Amino acid sequence: MDQEKVNILLVDDQPAKLLAYEVILKDLGENLVIASSGREALEVLLKTEIAVILVDVCMPELDGFELAAMIREHPRFQKTAMIFISAIQVSDIDRLRGYEMGAVDYVPVPVVPEVLRAKIKVFAELYRKTRELERLNHELEDRVRARTAELEASTAKLRESEQRRSMAIAAGKMGSWDWDWISGDWMWDEGQYNIFGVGPENFEVNPANVQALLHPDDVDQLRKAIAEFNKGTRAYETEFRIIRPDGEVRWCVGTAAATTDESGRVVRVSGVTVDITERKRAEERQNLLAREVDHRAKNALALAQSIVRLTRADEVKAYVNAVEGRINALARVHTILSLSSWQGAELSRLIDEELAPYSLGDQIKLAGPEVQLLPATAQTLALALHELFTNSAKYGALSTRAGRLAIDWQVDEELLTLSWEESGGPLVKTPKSRGFGTRSLLASIESQLGGQAQFDWRAEGLLCRLEVPLTRKTAAAAPSKFDTAGAAELQRASG
């Protein structure tokens, strides 16, 4: 017998992609309905019964997340399967947002035809079977009403058991159970055993054994549930933790409902257990990320505040240029670290970013191996390099075409040594006092990183040597014996 076709809604603002999805899915033999925008998709849903929705995340006016939220608000579509297609890298937060909006799966671009067909087929079959089950249930209820009360009770019990099993299979990571309140007998399905990490061959289901698998802090939840049902409560739901025999802790949410006899006495309690460990971990990751973003934002603001406080200039324009230059340097290294998910930054990349605003041709010579810097080290060193480049462009070798600059670095036993040597520029004189650039450079390298900074104001050009520890342990060491007056001043100003 030919099975009934179901409607699959394809939503994308690009005709070429819609055509590609039609070609991929036509072999399924289902009805493919096309919508070129979110609003058109909503109009189709109001007129047509849809089994599965395939929607592009990135669309103008109404994107995939917004469309999903509007669909889920309508009672008719709260259980409609939605699959997101995304052409961009999807982060854990984006996935969490998509699942909160009602998505059941993600498909990345480029789309693998076999994978897409398989996903759509599963949800189309689930929709078809659900509709068939609903029709069968209506027919069964009509027959049951015409039979005796004993047959009606037996059939209702079977239907309830099948409904619990279907729900557990469809949702995944779910289990169902029955507890005969009178005899004390328990029944667990396969999903329940899987959640608790035990098997029917070596685990006897009884209150004592179940309680032994509960987290000690959550045992009272079981006692409270029993007490509530004895008081006449008909339904109960709670979150709890279990400790599997292998020691793994899992989070679960349990829902239970009581069945009573004619006198109102509880005779059976049935329930469903859902493993929500992944959801809990996602919430923890989201909270950790929020705290990390807050920490980094405060650090960036503290640095910016120090820059604004300590920058000195005779004119407003010069002051604004100096502040903007230093904050832009901080922004550039922040972008580099963001692209690496704050894992670190290459030293050569930091130097290239500082060189970008200048057209210096062959005036600069670089030499050194690839060096990966920790985020804190990268931020501090980027600001130090910015000060060196800025001073050189204003007063040193880079202020004239005849000037030359050589930067070389090496690493020995987790200690980075960077040499900055200028030549061919204007005649150099030892400054009578140190400006903010020199003071902040000393403060950042010596106090913050536990390194050393040396300046040699030679007549032919500045020679600067920076020694920076590359490990967290050494970077936390005490300031060196070199001049740290600038460091103290910077610390007081940013205090």
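Nothing in this text is a laboratory measurement; each read-out follows from the coordinates by a stated rule. Since we're looking at a predicted model, the values are computed, not measured. Reconstructed Cβ throughout: ideal geometry from the backbone, glycine too, with neighbour counts over all protein chains shown.
Across the stretch 7-130, the mean sequence separation of Cα contacts (distance under 8 Å, 6 or more residues apart), normalised by length, yields a relative contact order of 24 percent.
Take the alpha-carbon centre of the stretch 198-256, take the same for the stretch 25-85, and report the distance between them in whole Å. What the calculation gives is 39 Å, centre to centre.
Using mean Cβ contacts within 10 Å as the protection proxy, how do 448-461, 137-150 order, highest first?
On the way: 448-461: 17.8, 137-150: 10.6.
Per-residue mean Cβ counts within 10 Å order the peptides as 448-461, 137-150.
Here the peptides 73-83, 223-233 are ranked by packing, the mean other Cβ count within 10 Å, and the order with the highest first is 73-83, 223-233.
Applying a threshold of 23 Å to the alpha-carbon distances of Lys5/Lys157; Lys26/Lys173; Lys121/Lys173; Lys129/Lys173 flags Lys5/Lys157; Lys26/Lys173 as lying beyond it.
When peptides 205-213, 3-11 are ranked by their average number of other Cβ atoms within 10 Å per residue, the highest-first order is 3-11, 205-213. Dividing the mean sequence gap of close Cα pairs (under 8 Å, 6+ apart) by how many residues the stretch 149-275 holds gives a relative contact order of 25 percent.
Going by a ≥ b ≥ c, the root eigenvalues of the Cα gyration tensor, does the stretch 7-130 fall in the rounded group (a/c under 1.5), the prolate group (a/b larger than b/c) or the oblate group?
Values: a/c = 1.23, a/b = 1.05, b/c = 1.16.
Rounded.
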